[in-house]
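Engineer: Please see the structure below; I have some questions.
No lab work stands behind these numbers, since they all come straight from the coordinates. Only a predicted model underlies this, so the values are computations on that prediction, with no experimental measurement involved. When we count neighbours, we look across all protein chains shown, and the Cβ atoms used for this are built from the backbone with ideal geometry, even at glycine.
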Amino acid sequence: PSPPSSVIIIGAGVSGLSAAKVLAENGIGDLLILEASDRIGGRIRKEKFGDVSVELGAGWIAGVGGKESNPVWEIAAKLGLRTCFSDYSNARYNIYDRSGKIFPSGIAADSYKKAVDSAIQKLKGLESNYVEDATNRTDFTLTPKTPIELAIDFILHDFEMAEVEPISTYVDFGEREFLVADERGYEYLLYKMAEEFLFTSEGKILDNRLKLNKVVRELQHSRNGVTVRTEDGCVFEADYVILSASIGVLQSDLISFRPPLPRWKTEAIEKCDVMVYTKIFLKFPYKFWPCGPGKEFFIYAHERRGYYTFWQHMENAYPGSNILVVTLTNDESKRVESQSDEETLKEAMVVLRDMFGSDIPDATDILVPRWWNNRFQRCSYSNYPMISNNQVINDIKAPVGRIFFTGEHTSERFNGYVHGGHLAGIDTSKAVLEEMRKDERQKGKQNQNF
Ligand code: FAD
């Protein structure tokens with residue numbers, strides 16, 4: 001058996017690594033990080049596609065240019081990460097119908113305004129009727145009927161809620177968003193962060209305080225400490241555990257707790273919605289879509305909501321890459337995850353031929369991330385009911401004995417984002433350090449009495 005650690009951190013995504021870094025900076029040398037997969041980064045993950053690096057998970061640094069500085073933007077700037085400004089505002093003027101015609105800008109603007117007004121009205125109604133019951137959730141979607149209404153409804157509710165309700169990320173840090181377009185990937189930030197407290201050589205982490213391929217299956221906890229058991233039969237002991245697994249994992253049965261988590265905790269975990277968000281990458285022999293100012297994002301209006309609706313070309317990020325990205329969410333994500341990539345490619349080609357004509361070339365390659373079927377994720381990010389009190393998130397975040405919870409889903413203001421995970425990791429490790437100090441004081445007192 002390994003010697004006991006002061007703190008075991010479960011998960012080496014942004015929150016776990018941020019937590020570990022703060023602990024290390026505060027003199028906790030004997031920490032241990034257990035990561036289920038074979039790499040660090042979690043939902044920050046790049047992959048080679050075509051000749052470039054694409055981001056399967058987080059792609060944007062969201063919330064830039066405001067009164068406060070986004071800490072992730074600061075780190076990225078310091079490291080010289082290559083980014084590219086994303087201007088979504090024109091997307092609504094590039095809405096294609098199924099015959100390839102672009103809706104006139106007047107119609108698009110009108111439909112958009114109506115959808116925003118109606119969503120605001122609906123939200124106000126819900127707020128005034130809202131009673132102290134977070135389960136009293138109502139469907140926020142309007143009753144859009146036509147393909148253009150459905151497309152706008154999808155963009156508004158699955159992407160841009162900011163226009164309906166203020167979102168702390170944009171209020172605090174600013175409304176701009178930058179796409180990470182760097183061959184080293186978004187994950188470069190995390191490698192650099194790890195380098196500050198783990199032993200590395202030639203860009204590889206060689207520190208045995210980070211253990212990859214360690215799938216935690218059981219946490220046995222008592223007043224004295226926590227015993228962690230992994231799928232491969234290893235046992236680790238610690239005074240404290242910081243658990244950074246996603247809300248999707250917490251809702252699954254991957255990790256069992258002995259004794260079981262209290263009811264207030266499991267109920268809160270169940271109340272948080274999980275959002276699945278899938279970016280499908282398609283590579284072409286040449287580009288056949290319009291480029292130039294205001295054309296980066298375009299929309300396909302279909303009678304099925306969310307059916308290959310939101311498109312982006314990668315020419316701004318990587319000129320000459322000939323890559324398109326289409327984003328699906330929730331049920332459409334799950335549907336596509338469960339079918340073969342060939343089927344998905346065929347569907348996407350029908351959609352593209354609707355928009356751009358029958359003589360466009362077939363995609364030569366496709367990449368479909370599967371966040372929902374990944375048992376170490378089971379979601380893309382958390383989504384708290386818009387009308388809920390803070391109790392749900394406070395309960396999700398609250399420690400149970402010596403087990404502390406962190407991750408983007410525990411960030412009151414920035415859940416769902418990389419900076420949310422980063423700030424949550426820092427907060428949680430500070431709470432653990434405080435607990436350790438209390439422990440020390442307690443022991444000191446007992447020794448005096450003795
Ligand atoms: P994770 O990154 O999930 O880290 C948790 C780690 O725990 C993982 O590495 C996992 O493997 C590990 N783990 C899980 N279970 C176990 C176990 N039993 N034992 C051991 N280890 C375990 N955010 C933005 O700011 N901008 C964006 O543009 C953006 N787009 C996104 C697009 C997609 C497709 C996705 C999936 C996410 C996106 N996000 C975006 C959200 C962002 O990626 C997350 O909020 C953030 O990365 C979460 O970090 P985390 O540390 O909380 O969790």
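Engineer: So if each residue of separation counts as 0.36 nm, and I subtract the Cα-Cα distance between Asn224 and Lys67, what length gain in nm does that give?
Structural biologist: Computed gain between Asn224 and Lys67 is 52.1 nm.
Engineer: With 10 angstrom as the radius, rank Trp371, Trp289, Trp73 by how many other C-beta atoms surround their C-beta, starting from the fewest.
Structural biologist: Ranking Trp371, Trp289, Trp73 by Cβ neighbours within 10 Å, fewest first, gives Trp289, Trp73, Trp371.
Engineer: Most exposed first by the Cβ proxy, i.e. fewest other Cβ within 10 Å, how do Val400, Val171 rank?
Structural biologist: Ascending Cβ contact count within 10 Å gives the list Val171, Val400.
Engineer: Can you give me the distance in nm between label points at Tyr286 and Asp87, each placed 7 Å from the Cα along the Cα-to-Cβ direction?
Structural biologist: For Tyr286 paired with Asp87, the spin-label model returns 2.8 nm.
Engineer: Would you mind computing, in nm to one decimal, how far apart the modelled labels at Ser201 and Glu47 are, each placed 7 Å from Cα along Cα→Cβ?
Structural biologist: Placing both labels 7 Å beyond Cα along the Cβ direction yields 3.1 nm.
Engineer: Taking other Cβ within 10 Å of each residue's Cβ, how do Trp372, Trp311 sort, fewest first?
Structural biologist: The most exposed by this proxy come first: Trp372, Trp311.
Engineer: Suppose R0 equals 25 Å. What FRET efficiency, 1/(1 + (r/R0)^6) with r the Cβ-Cβ distance, do Lys430 and Asp331 give to the nearest 0.05?
Structural biologist: Given R0 = 25 Å and the Cβ-Cβ separation, E is 0.05.
Engineer: Further question on the same structure: Work out the charge dipole of the chain with +1 on the Cβ of Lys and Arg and -1 on the Cβ of Asp and Glu about the Cα centre, then indicate which of Pro259, Leu17, Met275 is farthest towards its positive end.
Structural biologist: Pro259
Engineer: Any of Lys21/Lys211; Lys113/Lys287; Lys78/Lys192; Lys283/Lys346; Lys204/Lys430; Lys192/Lys438 with alpha carbons more than 21 Å apart? Name them for me.
Structural biologist: Lys113/Lys287; Lys204/Lys430; Lys192/Lys438
Engineer: Cα centroid distance between region 59-74 and region 338-415, in Å?
Structural biologist: Spelled out, the Cα-based centre of one part sits 21 Å from the other.
Engineer: Related question: Taking the Cβ of Pro4 as the centre, find all other residues whose Cβ is under 13 Å away and add up their charges (Lys, Arg: +1; Asp, Glu: -1).
Structural biologist: Computed value for this residue: -2.
Engineer: Follow-up. In angstroms, what radius of gyration and Dmax does region 311-398 have, counting Cα atoms only?
Structural biologist: My reading of the Cα-based Rg and Dmax gives 17.8, 57 Å.
Engineer: Net charge near Val171: determine it from the other residues with C-beta under 12 Å of the C-beta of Val171, scoring Lys and Arg +1 and Asp and Glu -1.
Structural biologist: That works out to -2.
Engineer: Note the full-extension length gain between Asn208 and Ser338 as 0.36 nm times their separation in residues minus their Cα-Cα distance, in nm to one decimal.
Structural biologist: Result: 43.1 nm gained on full extension.
Engineer: Give the distance, in whole Å, between the Cα centre of region 105-125 and the Cα centre of region 1-51.
Structural biologist: Here the two parts' Cα centres lie 43 Å apart.
Engineer: Can you list the trypsin sites (Lys or Arg not before Pro) in region 141-211 that are in a DSSP coil and have 16 or fewer other beta carbons within 10 angstrom?
Structural biologist: Lys145
Engineer: Kindly write out, for region 300-314 in residue order, the coupling ³J(HN,Hα) from the Karplus curve 6.51 cos²θ - 1.76 cosθ + 1.60 (θ = phi - 60°), rounded to whole Hz, with x marking Gly and Pro.
Structural biologist: 10, 9, 10, 6, 9, 4, x, 7, 6, 7, 10, 10, 9, 9, 9
Engineer: What size of dipole, in debye to the nearest 20, comes out for the chain about its Cα centre when the only charges are +1 on Lys and Arg C-beta atoms and -1 on Asp and Glu C-beta atoms?
Structural biologist: With only Lys, Arg, Asp and Glu charged at Cβ, the dipole is about 760 debye.
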